[in-house]
2 protein chains.
Amino acid sequence: MTPRRPRAATINDVAALAGVSIATASKALNGRGQVRDETRQRVLVAAEELSFQPNALARSLISGQTRTVGLLTSDSVGRFGIPVLLGAEDAFGAGEMSVMLCDARGDSIREQHHLRTLLARRVDGLIVVGESTDPRPSISRNLPLPVVYAYAPSDDPDDVSFVPDDVEGAKMAVQHLITLGRRRIAHVTGPTHYRAAQDRAEGTQAALAEAGLELVAGQPLFGVWSQRWGRQAAEIVLKHEVDAVMCGSDQIAAGFIEAARERGRRIPDDIAVVGYDNWEVLSAETRPPLTTIDMNLERLGRTAAQHLFAAIDGKATPGVHRMPCRLIIRESSLTGTV
Amino acid sequence: MTPRRPRAATINDVAALAGVSIATASKALNGRGQVRDETRQRVLVAAEELSFQPNALARSLISGQTRTVGLLTSDSVGRFGIPVLLGAEDAFGAGEMSVMLCDARGDSIREQHHLRTLLARRVDGLIVVGESTDPRPSISRNLPLPVVYAYAPSDDPDDVSFVPDDVEGAKMAVQHLITLGRRRIAHVTGPTHYRAAQDRAEGTQAALAEAGLELVAGQPLFGVWSQRWGRQAAEIVLKHEVDAVMCGSDQIAAGFIEAARERGRRIPDDIAVVGYDNWEVLSAETRPPLTTIDMNLERLGRTAAQHLFAAIDGKATPGVHRMPCRLIIRESSLTGTV
DNA sequence: TACGTTTCCGAAAACCTTTTCAGTGTGCTT
DNA sequence: AAGCACACTGAAAAGGTTTTCGGAAACGTA
């Protein structure tokens, strides 16, 4: 009934076809040991003939190495998780590693389940990708394999974590505004309970303090990560005299720009605007295009993967590593350019 | 130097600790065969003690089933690929399957390489996820395992493919406009060489024809999938008398709405607008929020996964299956509501 | 021819689990 | 007391590969 799928060829079949023992076949295929050239050729031809693929399971069973890593996403993979994940996948692909993707969807039961599965499959290591920069519970305690955390750091400082350096990122953005001669700067950002909002506010205020300036409105305007809040915040901010706004996200910036334009303010001539995240769909489509901070998440993912390799080789690098962001300059901050 | 990671416990260790043979230990753990209750308990306790995890590699080697599937993304995973991928991952997770993620980044060399790796790892099946609805080359010819294509169909009709039904989706959108009393409808969409643009144009015109109407401007306005094109297209469209616009994507719709508002047209009072994709970041943030077509991609991914299960069980379902879209009604098409 | 040296090849063990089948011991029946 | 059925347990094989080590053949030298 069901078309019997042909069992894949084994090294036994290859050896038989080549008229040698499996030991010789193995050595010929792996270029190991003493095998006469003529014999090696015979084996190679036989393998080709049968389109032989060595069974990775059997191989791993012996070597104790699966050349596989688990990618555990705690929250459902989203806007920030994806680039990290892609960066990691990229690095692993280059290292001939395969990636097992597990999405716990924010459910710790499911996370435990996936963890058990990955352990049973004897993965060589684990990357845990979070959805915000808030610290998350460690899973590495007494885990018999190396773990690296990306984007969301582990709450255990002995673990290896990689996070974007939001404080420096925000600082860079504000320094950019100050360099351009802006002095009356406001800060509109997300909810106070987000670590990202806190960090970006801190960086913003640090940059202002260094320049001997104060925040317009006295303190950051905390709200939510939405365009709507950006529009609402514009109403508040525009009551003050302001020549620049540092926004905690591109969404907020997009909303702010839209509302400010409607109220007749020219961007960037009257007010320079900087966003955060470099979410292309927004930052490239606002009018004018948005100057913003790019967290370089793909690189963060790649770096995390590379450090996982190192950890697998026994060279762990504990601690929370903050990865630099970069400033993407577009027209929302550049007066007099087109 | 490197802290020796303790070798994971084997069933041997468990058996020794419980004072039984490995055969008995195995039977006790799997609830198989005749084992005295007291003995079973001893084994269970020992396994717990050593936090024993049966080695999935050894298990798969015997059973010939890895309970693993490959998820091969041809183009770099993007906006459309992600939800499909998540849906598939979801379905597999429920079925206790693990997922190997491979991103070929649009490179067929890399795709071949990943394919070989997955074959070597003896995955039970494969899902190929594409980035557009254009047909892609089949990889399943003489492949010794079941393959299902999602979003981008295979060019071989004997393969199993799942794609969104864009023709019906567009038709649904236009019928919605007609039901609301709109009669002078334009269509602004993406590049002609996209299958998605073609299908949506076809559905649009079919719905109009059924109602005895004709497209304003005579034919669809093909352009690119961007907000900018939406704005440009508005200039063209507004030269005609128009009371509704069916857009080929939410991005185009967002651009159109913005430009139309600037020109003093009220949405939806003067012109009703419908988008496509239900890309929340846009469709929920335009003013007014956007009526749009949701392709239900997560469901598409889940369905593809379920059919892969079926194919693994020998019950393949060849052909290109078109999955229904759904209409998301928001305020950009609803006159007189708030 | 006898012996040592190379060169090449193959048998077998190891990795870990599941399953089959044979064996042991217990309690019961006659 | 012998025989039997039954409940339980363990030895061994299988799955595919790599590696180790011993053995065989070929060749050269004495």
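A few comments on the model shown:
- Cut-off under 5 Å, modelled amide H: who pairs with B:Leu221 long-range: B:His187, B:Val188, B:Thr189
- Taking θ as phi - 60° and the Karplus parameters 6.51, -1.76 and 1.60, the scalar couplings of the stretch B:315-323 work out to 10, 6, 10, x, x, 9, 9, 9, 8 Hz in sequence order, x denoting glycine and proline.
- Rounded accessible area per residue of chain A, 1.4 Å, Å²: 43
- Drop in accessible area of at least 10 Å² in the complex versus isolated chain, residues of the stretch B:267-303, 1.4 Å probe: B:Trp279, B:Val281, B:Leu282, B:Ala284, B:Glu285, B:Arg287
- Rounded tilt (10° steps) of A:227-237 against the dominant C-alpha axis of chain A: 30
- Protein accessible area in the stretch B:134-246, 1.4 Å probe - carbon and sulfur %: 47
- Ratio of the Cα radius of gyration of the stretch B:11-54 to 2.2 N^0.38 Å, where N counts its residues: 0.94
- Base-10 log of normalised Debye intensity for chain A (one unit scatterer per alpha-carbon) at q = 0.06, 0.08, 0.11 Å⁻¹: -0.33, -0.52, -0.78
- From the alpha carbon centroid of the stretch A:23-68 to that of the stretch B:271-338 is 48 Å.
- Crossing angle, helix B:297-312 versus chain B [Cα axis fit, 0-90 degrees, rounded to tens]: 40
- Summarising the label geometry, the points placed 7 Å from Cα in the beta-carbon direction at B:Asn30 and B:Thr317 lie 3.2 nm from one another.
- Relative contact order of the stretch B:166-295: 26 percent, from C-alpha pairs under 8 Å at least 6 residues apart in sequence.
- Nearest 10 degrees, 0 to 90: helix A:108-120 Cα axis against chain A principal axis: 30
- Classification of the stretch B:166-295 by its C-alpha gyration tensor yields a rounded form. The axis ratio a/c (a ≥ b ≥ c) stays under 1.5.
- Residues of the stretch B:83-100 whose accessible area (probe 1.4 Å, heavy atoms of protein chains only) drops by at least 50 Å² once all protein chains are present, relative to their chain alone: B:Leu86, B:Glu89, B:Ser98, B:Met100.
- Charge tally in the Cβ shell below 12 Å around B:His307, where Lys, Arg are +1 and Asp, Glu are -1, B:His307 excluded: 0
- Other residues within the sphere of radius under 13 Å centred on the Cβ of A:Asp134, judged by their own Cβ, net out at -3 (K and R +1, D and E -1).
- Computed over protein heavy atoms with a 1.4 Å probe, the carbon and sulfur contribution to the accessible area of the stretch A:11-54 reaches 49%.
- Taking amide H as placed 1.01 Å from N in the peptide plane, the amide H of A:Val273 sits under 5 Å from that of A:Val245, A:Ser333, each at least 5 places away or on another chain.
- Computed from backbone phi with θ = phi - 60° and the Karplus coefficients 6.51, -1.76 and 1.60, the 3J(HN,Hα) list for the stretch B:183-192 is 10, 9, 10, 10, 10, 10, 8, x, x, 4 Hz; x is used for glycine and proline.
- Mean projection of the Cα convex hull over all viewing directions, computed for the protein assembly as shown: 37.1 nm².
- Environment charge of A:Asp13, counting only residues whose C-beta is closer than 13 Å and scoring Lys/Arg +1, Asp/Glu -1: -1
- The B-A contact accounts for approximately 5000 Å² of buried accessible area, totalled over both chains at a 1.4 Å probe radius.
- For the stretch B:8-32, the residues whose backbone nitrogen is under 16 Å from a point 7 Å from the Cα of A:Asn142, taken along Cα to Cβ, are B:8-9.
- Peptide-level mean, for A:64-74, of C-beta atoms on other protein chains within 10 Å: 2
- For the stretch B:85-205, projected area of the alpha-carbon convex hull averaged over all directions, nm²: 9.7
- Helix-derived mean residue ellipticity, 222 nm - over the protein assembly as shown, DSSP H n ≥ 4, -39500 (n - 2.57), to 500: -12500 deg cm²/dmol
- Spatial offset of the stretch B:204-239 relative to the stretch A:144-159 amounts to 52 Å, using the alpha carbon center of each.
- Label-point separation, A:Glu38 to B:Leu44 (7 Å along Cα→Cβ), nm: 6.4
- For the stretch B:4-44, accessible area lost to neighbouring protein chains reaches 40 Å² or more, against the chain alone with a 1.4 Å probe, at B:Arg5.
- Hull shadow area, averaged, the stretch A:179-254 [alpha-carbon convex hull, nm²]: 4.6
- Percent of C-alpha pairs per 5 Å bin, the stretch A:14-128, short to long: 2, 10, 16, 14, 13, 10, 9, 8, 7, 6, 3, 0
The values are calculated or read from the model by the stated rules, or taken from the named source; none is laboratory data. Just so we're clear, the structure is a prediction, and the values are computed from it rather than from any experiment. Positions of Cβ are generated from backbone atoms using ideal geometry, with glycine treated the same way; all protein chains shown enter the neighbour counts. With ligands, DNA and RNA removed, areas are computed over all heavy atoms of the protein, side chains included. Shrake-Rupley method; radii C 1.70, N 1.55, O 1.52, S 1.80 Å.
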